Amino acid sequence: AQRVTQPEKLLSVFKGAPVELKCNYSYSGSPELFWYVQYSRQRLQLLLRHISRESIKGFTADLNKGETSFHLKKPFAQEEDSAMYYCALSGRGTSYGKLTFGQGTILTVHP
Amino acid sequence: EPEVTQTPSHQVTQMGQEVILRCVPISNHLYFYWYRQILGQKVEFLVSFYNNEISEKSEIFDDQFSVERPDGSNFTLKIRSTKLEDSAMYFCASRTITDTQYFGPGTRLTVL
């Protein structure tokens, strides 16, 4: 069974502080991992996928297969980063595309 | 930039009534999905659809649920006899073969 855990429901930081949103997963095989973001009153949108190894809006995430983690990091948080963040996993093969989401973390960046 | 659209944005219905939630995926996408999110809970996969048939469904997607792509552009989710616990936000998503999923804005379903 595939499972995604985001241990923090709420995370508050001040502007300019580093931020790390934690994500751990369980999957027997090599999954594909994603971070989705949902700004207030907007749709879910892709922030990062691990295979692209991009940095989007200053965020990065590294897949750690040993620790089965995919934590999202940003060195200097901005107020506009305040949003709900979801970690998600897709299996391979016939289950590719079916996303399993974590509970989400609400990030609040204070001025 | 093309977007997935969903209608209506909010649907209120009485328990036992049928509802149809509509989605228009991005035009060149081939894979279609429905997810739901009960208030305060995680986003859950309901069903995936490809080549005019269901490719995978979750245990939530029981006989009360069905999906259809009636005209090559719309993708619908029907709930035959709604229950109180069907109240949730329903998201449609679509993708090409290799790309990630693009989500619609959601339909909030309230069952009274």
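List of remarks:
- Subset of segment B:51-72 (residues that are outside any loop (DSSP other than H, G, I, E, B) and in contact with a Lys or Arg (Cβ under 9 Å, 6 or more places away or on another chain)): B:SER55, B:GLU56, B:PHE65, B:SER66, B:VAL67, B:GLU68
- Answer residue from segment A:36-56, given it is in contact (Cβ under 8 Å) with a residue 40 or more places away in the chain and assigned to a strand (DSSP E or B) and is farthest from the other protein chains (Cβ to nearest Cβ) among those: A:VAL37
- Hits in segment A:14-47 (condition: buried (at least 17 other Cβ atoms within 10 Å of the Cβ) and more than 14 Å from A:GLY102 (Cβ to Cβ)): A:VAL19, A:GLU32, A:ARG43, A:LEU46
- Total residues in segment A:64-84, condition hydrophobic (A, V, I, L, M, F, W, C), over 11 Å from the mean Cα position of the chain (by Cα) and surrounded by fewer than 21 Cβ atoms within 10 Å (Cβ to Cβ): 2
- Number of positions in segment A:10-35 that are in a loop (DSSP other than H, G, I, E, B) and of a type in the set (Ser, Thr, Tyr): 3
- Filtering segment B:17-43 to residues that are at the interface with chain A (Cβ under 9 Å from one of its Cβ atoms), touching a residue at least 12 places away in the same chain (Cβ under 8 Å) and surrounded by fewer than 22 Cβ atoms within 10 Å (Cβ to Cβ) leaves B:TYR31, B:GLN37.
- Residue count for segment B:44-63 under the criterion of being facing another protein chain (nearest Cβ under 8 Å) and more than 12 Å from the chain's Cα centre (by Cα): the result is 2.
- Which numbered condition B:THR76 misses (of (1) surrounded by 15 or more Cβ atoms within 10 Å (Cβ to Cβ); (2) of a type in the set (S, T, N, Q); (3) touching a Pro at 6+ places or on another chain (Cβ under 9 Å); (4) within 12 Å of chain A (Cβ to nearest Cβ)): (4)
- Number of the condition not met by A:CYS87 [criteria: (1) within 14 Å of chain B (Cβ to nearest Cβ); (2) surrounded by fewer than 21 Cβ atoms within 10 Å (Cβ to Cβ); (3) in contact (Cβ under 8 Å) with a residue 40 or more places away in the chain]: (2)
The numbers here are math on the coordinates, done by the rules we state, and not lab data. On a predicted model such as this, the values are computed, not experimentally measured, just so you know. Every residue, glycine among them, receives a Cβ derived from its backbone with ideal geometry; neighbour counts consider all protein chains shown.
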